[in-house]
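**Q** To start, I am sharing the structure in question, which I have written as C-alpha cells.
The values are calculated or read from the model by the stated rules, or taken from the named source; none is laboratory data. Not measured: the values here are computed from a predicted model. Counting neighbours? That spans all protein chains shown, and the Cβs are built from the backbone with ideal geometry, glycine included. With ligands, DNA and RNA removed, areas are computed over all heavy atoms of the protein, side chains included. Shrake-Rupley method; radii C 1.70, N 1.55, O 1.52, S 1.80 Å.
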Amino acid sequence: MKIQYKILLCIFLSLSILCLVNIFISFRGFNDIKDISHQTIEELVVEDAKDTAKVVVVGLKVFADNVYNEYKQQGYNDGQIRKKLISVLEKVDLKHPHIRFFSIDGKGTYLTHYHKQKVGTNLINEKDEQGQHYVAKFIENGVKGGGYTRANFFDGFIKKKRQILSYTEKDPHLDLIYGVTI
C-alpha cells in the first residue's frame, strides 16, 4: 500500500471519529437543552399558578370586605354578616376546571368548597403524603398574612390522589380564611 493511501485512510478514519464525536456531543447537548427548557417551563407554570391563586384570593377578599362593610353599615352584627357572606361565597364559581375557591374557619372546618360534600367537615387533622397537616398549613399561612401550601394526598371524598397548590389569606374581620387551589 502506498503512503498516499495510508495517509488518506488515516484522514478518513480521523474525520469519521470526529463526526461521531460531534454527533454524540450534539445529542447530549440537545438532551441537556430539553431538560433545562422543560424545567424552566415547569417553573414558569408554577409561578403563574401561584400568581393566579393569589390574585383570585385577593380579589375575593376585597369583595368580601366590601360586603362586610355594607352589612355593617346596615346594622348587622359579625355573626349575621358571617352567615350572609358564607351564603354569597357558596355561589362563587370561577368557571375554570383548575382554579377553585374554598373557605375554612380557623379550626379547619370547610365553610365553602368546590366539592360540596366537604362543606361542614373539619379536616384539620388530614395529612398529606409527607405526614404534614395541610389544612392546618392553610390556616397558618392565612393567619400570617397569606401564603402557599403544596400537598399531595388521597382525597377520600372524591376517591382520587391529588396534587394541589393553594394560596390562603385570612379575612380581616371574621373567622374566615379564603383559599384558591390550582
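**Q** Examine the range 128-142 for a residue that is part of a loop (DSSP other than H, G, I, E, B), farther than 24 Å from residue 62 by Cα and open to solvent by less than 30 Å² (accessible area, probe 1.4 Å), and state whether such a residue exists.
**A** yes
**Q** Of the residues 57, 62, which single one is open to solvent by less than 60 Å² (accessible area, probe 1.4 Å), among the hydrophobic types (A, V, I, L, M, F, W, C), within 24 Å of residue 137 (Cα to Cα) and in a helix (DSSP H, G or I)?
**A** 57
**Q** Something else about it: Going through the range 99-117 one residue at a time, which ones are basic (Lys, Arg) and at pLDDT 95 or above?
**A** Scanning the range 99-117 gives a single hit, 107.
**Q** Just to check your reading of the model, which residue among 83, 95, 91 is open to solvent by 50 Å² or more (accessible area, probe 1.4 Å), under 18 Å from residue 172 (Cα atoms) and either among the β-branched types (Val, Ile, Thr) or not in a strand (DSSP E or B) (or both)? So that I can check it myself, show each step before the final result.
**A** Working: 95 fails: under 18 Å from residue 172 (Cα atoms); 91 fails: under 18 Å from residue 172 (Cα atoms).
Going through 83, 95, 91 in turn, the sole match is 83.
**Q** If you don't mind, another one. Does the range 106-123 contain at least one residue that is more than 16 Å from residue 175 (Cα to Cα), in contact with a strand residue (DSSP E or B) (Cβ under 8 Å, 6 or more places away or on another chain), in contact (Cβ under 8 Å) with a residue 24 or more places away in the chain and among the charged types (D, E, K, R)?
**A** Yes, because at least one residue in the range 106-123 is more than 16 Å from residue 175 (Cα to Cα), in contact with a strand residue (DSSP E or B) (Cβ under 8 Å, 6 or more places away or on another chain), in contact (Cβ under 8 Å) with a residue 24 or more places away in the chain and among the charged types (D, E, K, R).
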